[in-house]
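The values are calculated or read from the model by the stated rules, or taken from the named source; none is laboratory data. All values derive from a computational prediction rather than experimental measurement. Because the Cβ atoms are built from the backbone with ideal geometry, glycine has one as well, and the counts that use them run over all protein chains shown.
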């Protein structure tokens, strides 16, 4: 597994990097057979350390966790526990889908844009109906079943996931509804 361990405005020493690699590898390998890479970012805000971890699995799933503590090692330990709990909760589903899936998830590229928000008063008319593009990036759209898409959305903790439906080979969307249920858009 490849590790990318960094700090935002703090120095991440070799001892912390070694600790993160050892503990995260132990936690993730219990529940996920083939993790590909992990990104861990430490930051400090007003005397409190924040640890954000993202682990990508070869099945196409992404697990994320975030924790805040007054000590940097405690923040990582809490983040690692959350990651382990997430993966433990989904272990059966991951194993069931992993057995049915003989090859890794296929990812296709798509353009992703960040649009500028309206900063003027709400009553004023915009100069143009074309939005202002702030950034243009490449994003990946996974090929998943609906069940895998829902699992991926829950693992990532995001409200919406766009995916290519393996059964119909078209773009679909799953999203968390206001009533707590999950919606599925199949055009």
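All but one of (1) at pLDDT 75 or above; (2) surrounded by 10 or more Cβ atoms within 10 Å (Cβ to Cβ) hold for residue 136; state the number of the condition that does not hold.
(2)
Could you tell me which numbered condition residue 71 fails, if it satisfies all but one of (1) modelled with pLDDT of 80 or more; (2) more than 30 Å from residue 7 (Cβ to Cβ); (3) over 18 Å from the mean Cα position of the chain (by Cα)?
Every listed condition holds for residue 71 apart from (2).
Can residue 170 be described as modelled with pLDDT of 70 or more and farther than 22 Å from residue 32 by Cα?
So residue 170 fits the description; yes.
Search the stretch 136-161 for residues being in contact with a helix residue (DSSP H, G or I) (Cβ under 9 Å, 6 or more places away or on another chain) and assigned to a strand (DSSP E or B), and hand back the single one that is farthest from residue 116 (Cα to Cα).
My answer is 144.
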